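Participant: One structure, as structure tokens, below. Some questions next.
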Amino acid sequence: MEAGTLYICPTPIGNLDDITLRVLKILGEVDLIAAEDTRHTLRLLNHFEIKKPMTSYHEHNIREKGPQLVQQMQEGRSIALVSDAGMPGISDPGQDLIRLAIREGIEVVGLPGPSAALLALVISGLPTEKFAFEGFLPSKGTDRKKALERIRDEKRTLIFYESPHRIASSLKDMLDILGDRQASLSRELTKHFEETMRGGLEKLLSVAEERNLKGEMVVVVSGAEEVEPEEVDVKRELRKLLDGGMSKKEAVKEVVRVHGVPRNQVYQDSLDLD
Ligand code: SAM
């Protein structure tokens, strides 16, 4: 018997019009929908008049449920995986089922669609050429600080998911550890009260403290600045050392060690000196 397929179906992150025609088609065609919260997904299905059996697949039952779902697909049934919002597998439980299905030889077909992270990134105005998705920072202050310290030198634009009751303390830690970098805070994306604030982390922190912001949010922070290599007058440094009695070879070695200038460059400069 031919095995079924696992379809990864992204759903709107607020505005129901953001569901794609293809996701609707697949939801209508599969044998079963595995949803993070079946009551939540039922509202979506009712809105689009889709009637399908559903089963729950959430962080507390992934261990038992994953193998059961895989078995159903091995028996020929196709399953659509949806999370509460956005792209299943991004900061929600979908990833385990996807990995398990791949391991068991089930075909996995992903459909494109909404994800809060990419949307917040592109409207942040910060560089998009390279970025790092950090998901949720740890909720405990000390762990959060450690996590931020680990990425302090990351040059790519950083994307964080955050909850409203932790936003002020997270922004404060970001400001303390990353410095007053350019950033954006997007909340309630695609919803009625959608807004994006842009500016330094200090400004965003004061807004978060003053306004007691509500709703779902994404913080995007610019990466660490490239540190310009120190401007060194290599020949002058070499001359000082030679005048002090060092051999050329020793002087080259010393300039490389102290100033971090590439050895080749120091060597070439040394050839012009007596
Ligand atoms: N799988 C989802 C995705 O692809 O975006 C993310 C799920 S994660 C459990 C939920 C987090 O996503 C929220 O805490 C928030 O950081 C972000 N998020 C989801 N919807 C959002 C929205 N409409 N506006 C801003 N952030 C949102």
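Derivation of every value follows stated rules applied to the coordinates shown; laboratory data play no part. Keep in mind that this is a model prediction, so the values were computed, not measured. When we count neighbours, we look across all protein chains shown, and the Cβ atoms used for this are built from the backbone with ideal geometry, even at glycine.
Participant: What dipole magnitude, in Debye to the nearest 20, does the stretch 103-202 give about its Cα centre under +1 on Lys/Arg Cβ and -1 on Asp/Glu Cβ? Spell out each step's value before the answer.
Facilitator: Numbers: 16 positive and 16 negative charges, 48 e Å.
With only Lys, Arg, Asp and Glu charged at Cβ, the dipole is about 220 debye.
Participant: Binning at 5 angstrom from zero up to the longest distance, how are the C-alpha pair distances of the stretch 5-110 distributed in percent?
Facilitator: With a bin width of 5 Å, the distribution comes to 2, 13, 27, 28, 18, 8, 2, 0.
Participant: Averaged over every viewing direction, what's the projected area of the C-alpha convex hull for the chain? Give it in nm², one decimal, please. Present the calculation step by step, with values, prior to reporting the outcome.
Facilitator: Values: hull surface 84.9 nm².
With the hull built on Cα positions only, its mean projection is 21.2 nm².
Participant: In the neighborhood of T5, defined by Cβ-to-Cβ distances under 12 Å, what is the net charge if each Lys or Arg adds +1 and each Asp or Glu adds -1? List each step's numbers first, then the result.
Facilitator: Numbers: positive: R77; negative: E2, E29, D31, E107.
Neighbourhood net charge equals -3.
Participant: Let me ask something else. Once you charge only the Cβ atoms, +1 for Lys and Arg and -1 for Asp and Glu, what is the size of the charge dipole of the chain about its Cα centre, to the nearest 20 debye? Walk me through the numbers before you get to the answer.
Facilitator: Values: 38 positive and 46 negative charges, 70 e Å.
So the dipole magnitude of the chain works out to roughly 340 debye.
Participant: Taking a temperature of 4 °C and a viscosity of 1.567 mPa s, what whole-number D in µm²/s does Stokes-Einstein yield for the stretch 116-221 with Rh from Kirkwood over alpha carbon pairs?
Facilitator: Working: Rh = 13.5 Å.
In µm²/s, the coefficient rounds to 96.
Participant: Report, ordered by chain and residue number, the lysines lying within cross-link reach of K235, taken as a straight Cα distance under 28 Å and ignoring same-chain residues fewer than 8 apart.
Facilitator: Partners within reach: K248, K249, K253.
Participant: All other residues with a Cβ under 12 Å from the Cβ of Q182 taken together, and with Lys, Arg as +1 and Asp, Glu as -1, what is their net charge?
Facilitator: Working: positive: R181, R198, K203; negative: D180, E202, E225.
The answer is 0.
Participant: Still on this structure, please answer the following. From the backbone phi of the stretch 79-92, what are the Karplus-calculated ³J(HN,Hα) couplings (6.51 cos²θ - 1.76 cosθ + 1.60, θ = phi - 60°) in whole Hz, Gly and Pro given as x?
Facilitator: 10, 9, 9, 10, 10, 4, 7, x, 7, x, x, 9, 6, 8
Participant: Only counting other Cβ atoms within 10 Å, I'd like I33, I123, I106 sorted with the fewest neighbours first.
Facilitator: Numbers: I33 24, I123 16, I106 20.
Final ranking by Cβ density, sparse to dense: I123, I106, I33.
Participant: Once you've got the Cα coordinates, tell me which of K25/K130; K145/K203; K130/K214 are over 24 Å apart. Before the final figure, lay out each step's value.
Facilitator: Numbers: K25/K130 33 Å; K145/K203 20 Å; K130/K214 29 Å.
From the list (K25/K130; K145/K203; K130/K214), the Cα-Cα distance tops 24 Å for K25/K130; K130/K214.
Participant: Moving on to the next point. Would you please report the Å³ per residue occupied by the convex hull of the alpha carbon atoms in the stretch 156-274?
Facilitator: Values: hull volume 15.8 nm³, N = 119.
Taking the convex hull of the Cα positions in the stretch 156-274, it is 133 Å³ per residue.
Participant: State, as an integer percentage, the relative contact order of the chain based on alpha-carbon contacts under 8 Å between residues 6 or more apart. If you can, show how the numbers build up before the last one.
Facilitator: On the way: 466 pairs, mean separation 46.9, N = 274.
Taking the mean separation of contacting Cα pairs over the length of the chain, I get 17 percent.
Participant: Separate question: Count the DSSP beta bridges whose two residues both fall in the chain, then state the antiparallel fraction as a percent rounded to the nearest 5.
Facilitator: Values: 17 of 36 bridges.
Looking only at bridges with both residues in the chain, the antiparallel portion is about 45 percent.
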